[in-house]
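The values are calculated or read from the model by the stated rules, or taken from the named source; none is laboratory data. Bear in mind the structure is a predicted one, so any value in this text is a computation, not a measurement. Cβ placement follows ideal geometry from the backbone for every residue including glycine, while neighbour counts extend to all protein chains displayed. Heavy atoms of the whole protein, side chains included, go into the accessibility calculation; ligands, DNA and RNA do not. Shrake-Rupley method; radii C 1.70, N 1.55, O 1.52, S 1.80 Å.
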Amino acid sequence: MPGSRKIILKHVMSGLCTKMNRIKQLPSDVMETPLNRCLNTFDITLLGVGHMVGAGIYVLTGAVARDVAGPAIVLSFALAASACLLSALCYAEFGARVPKAGSAYVYTYLSIGEFWAFVIGWNILLEHMIGAASVARAWSGYVDSLFGGAISDATVAVTGEMHERLLSRYPDFLAFAVCLVYALLLSVGVKVSAVVNGVLTVVNLAVMGLVIVVGFYYADEKNWTDVKGGFFPYGFGGVIAGAATCFYAFVGFDSIATSGEEAKNPSFSIPMATALSMGVVTLGYILVSSALTLLLPYYQINPEAALPEAFTNVGQHWVKYVVSLGAICGMTTTLFGSLFSLPRCMYAMAVDGLLFSFLGNVNSKTQLPLANLAISGLFSATIALIFDLEKLVEFMSIGTLLAYTIVSASVIILRYRPSFETTASKPVLTPGSEQSSTASDCSPISEIGNLAGTLKVQYGWLTPVFGRREPGTVVTAAVFVYTTCACALCVMFQVVDRDMSQGMWWTVLLAVIFIFIMATCMLIINAHHQSNTGLRFKVPMVPFIPALSILCNIEFMVHLNILTWLRFFVWMILGMLVYFLYGIHHSKEGESNSTYSILMTSSEAVKEKWGSTKTSIKSALAKRRSSDRTAIVEDEYE
């Protein structure tokens, strides 16, 4: 093998772990962006509400009420909203701290490292693509039902049926067109699309209000008490199972964080919009599900058209058409939310060098990444055209839950990491030096920043074990151990639940061990100082609320189908090819003038075969040796 090839391969393989764990450095002005900062709190709130209140309230509610939870779906929605609120608070803190597009991807890059950031970003892309495609098919199916199935019958007559397992029964050209049209509408400008989204969301909320008022007017409380099984026909287990399903009705709130780079005042708007949208959506879901289950017995609900048929049973046929209007508006805003978030995540990854550079281009006139929007619309439309999305929607949830888990972990890690300002200029204070620090050494604010990640005075007895570590490293390790034990505990509950219910000693012992380790990790984390410097909004009760969010998200993940996990690994293999063949070498957090880039530039300059570049490479290195020797050596051995 020629010597130049050996040098290049040595560079590529050296320091792989260091490159995968590179941390993103924020620019000095986090508000600077080529995108248009024009969204106010009201716009962002309606964006979040519109993304969450869509097909779920018109389809999901009926299916869960009839087959999973019964009238207790009200409690299922309350539990799901509580679990989702834990993650929403974590997103709100990051959105106020880091007002950048990319949402969970950016947050992970800042706290955990480049590799996990790419994993999250890659799955967010899939989540929004499948989300947009699934809503487009639901939109198409709802319109088709209003015409008595004429659209689907005509399509089958022309194209015939497809008989592959993963493909739909027929190609859905209406869903394909809907994706492209809405992507085109979003390309006009973020403010125009926000106004359209706001109008449609208000119409949808008005329809929900009408459903609630009319539903409670004709409500019969006997449908909660006298029907078979009463309020809990499926037991408390049904409530939990219903909560796991209803959880996905709230997942659209991450579009709020995605809008951070286009918000006028993100430090205020992102937390406020998150709180308002979660409150409105939770109240709406609980009231609509209450009205539905009070109108008729839960076992008579038609999951395909729950609300229209429920009002037909009480003689209010006109409500069917109002509900259809609300359903179309709601599914449109949900589609808007997915197509809004997807190109911005692609833009954030491309700007960092982890995706192809042309995806980071922003049109100077519209201040939008138009290429990303076109690609997003085309890919989502293609998926909607041919795939059976009932088999892929659950696939989408893995990426969502994984993102929520890592964002919750990132909140803990960053909260206990010394601030950038203080670590750059001040020495780290150890527990033994806390008492000796003087006012002349640092101001109160910088002192707090310097203490972040170090042991508190009352936990001085832990100094022999953890006191000599770099600030923040012990907390990061504790978060990793906690998450690993939470995974093991949830998997054990899922796999050996029957043995545990029978009191098998080894299952109980394992559960106690895992819970003890997790509690110890919480104690270790809580023993360190936090840094709250510069946070206008912060998650309360850190680390306990983010830790509870991690546990809830993992519990939902282990309930997913095994085939869903297999499809997830296939998608990840494709992502790893993109990262290791492109992203890791073009990352903006890497060395700007590494040996690898010098070698490649030299070999391309002479435009000869690999075996003949040896002399040119040596001369290029010799010319740079005097001025750039340090950088080359460091890059060789990182």
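Table for the structure above
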| item | result |
| --- | --- |
| Thr332 being closer than 26 Å to Asn197 by Cβ, under 22 Å from the mean Cα position of the chain (by Cα) and among the β-branched types (Val, Ile, Thr) | yes |
| Qualifying residue in the range 309-332 (condition: in contact with a strand residue (DSSP E or B) (Cβ under 9 Å, 6 or more places away or on another chain), small (Gly, Ala, Ser) and closer than 22 Å to Thr45 by Cβ) | no |
| The range 534-554, subset open to solvent by 60 Å² or more (accessible area, probe 1.4 Å) and not in a helix (DSSP H, G or I), residue nearest to Arg415 (Cα to Cα) | Lys538 |
| Those residues of the range 282-328 which are β-branched (Val, Ile, Thr) and either part of a loop (DSSP other than H, G, I, E, B) or touching an Asp or Glu at 6+ places or on another chain (Cβ under 8 Å) (or both), in sequence order | Ile301, Val314 |
| Number of the condition not met by Ala183 [criteria: (1) outside any helix (DSSP H, G or I); (2) over 30 Å from Ile73 (Cα atoms); (3) open to solvent by less than 20 Å² (accessible area, probe 1.4 Å); (4) among the aliphatic types (A, V, I, L, M)] | (1) |
| Only listed residue being of a type outside the set (S, T, N, Q) and either at pLDDT 90 or above or out of contact with any helix residue (DSSP H, G or I) (no Cβ under 8 Å at 6 or more places or on another chain) (or both), chosen from Val239, Val227, Val199 | Val199 |
| Wholly within the range 50-149, helices (runs of 4 or more DSSP H) carrying at least 1 residues that are crowded, with 24+ Cβ neighbours inside 10 Å, at pLDDT 90 or above and of a type outside the set (Ser, Thr, Tyr) | 73-97, 114-146 |
| Residues within the range 155-180 that are hydrophobic (A, V, I, L, M, F, W, C), modelled with pLDDT of 85 or more and either outside any helix (DSSP H, G or I) or under 20 Å from Ser380 (Cα atoms) (or both), tallied | 8 |
